[in-house]
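Step one of this worksheet: look at the structure below.
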Amino acid sequence: MIKFFLMVNKQGQTRLSRYYEHVEINKRAMLEAEVIKNCLSRSKDQCSFIEYKDFKLVYRQYAALFVVVGINETENEMAVYELIHNFVEVLDKYFSRV
């Protein structure tokens, strides 16, 4: 199950966030800061799946944009990785230069 969906730029600013479980506003800011720090600090050679607290992070980088999805441990990481790619392709077709 997907817990949250984030789109973040390279400066660490959240451009889009969607939560599928209730998280208080002040905890969202802390969670986003930690998740962004973990994803931005990794090199391109490292795996795009991260174990984080009681869930997993799946992220993908497109130029200066990171798409991060938080999932529970039973979800298939590769399916979510492909979901991210399909989502970005749809955005690219709709807005013509994502």
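The values are calculated or read from the model by the stated rules, or taken from the named source; none is laboratory data. The structure displayed is predicted, hence computed values, not measured ones. Positions of Cβ are backbone-derived with ideal geometry, glycine not excepted, and every protein chain shown enters the neighbour counts. Heavy atoms of the whole protein, side chains included, go into the accessibility calculation; ligands, DNA and RNA do not. Shrake-Rupley method; radii C 1.70, N 1.55, O 1.52, S 1.80 Å.
Here are the numbers for the structure shown:
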| read-out | value |
| --- | --- |
| Members of the stretch 24-69 found to be touching a helix residue (DSSP H, G or I) at 6+ places or on another chain (Cβ under 6 Å) and charged (D, E, K, R), listed by number | R60 |
| Filter result (open to solvent by 60 Å² or more (accessible area, probe 1.4 Å) and in contact (Cβ under 8 Å) with a residue 24 or more places away in the chain) within the stretch 41-61 | F49 |
| Pair list, Cβ < 6 Å and 6+ apart or interchain, from the stretch 19-37 residues that are closer than 17 Å to Y59 by Cβ to residues that are in a helix (DSSP H, G or I) | none |
| Positions within the stretch 1-40 being open to solvent by 40 Å² or more (accessible area, probe 1.4 Å) and under 17 Å from L65 (Cβ atoms), in sequence order | K10, Q11, Q13, T14, R15, L16, S17, R18, K37, N38, L40 |
| Residue within the stretch 66-86 that is at pLDDT below 90 and surrounded by fewer than 16 Cβ atoms within 10 Å (Cβ to Cβ) present | no |
| Failed item in (1) in contact with a Phe, Trp or Tyr (Cβ under 8 Å, 6 or more places away or on another chain); (2) surrounded by fewer than 17 Cβ atoms within 10 Å (Cβ to Cβ); (3) of a type in the set (V, I, T); (4) farther than 21 Å from G12 by Cβ, with V90 passing the rest | (1) |
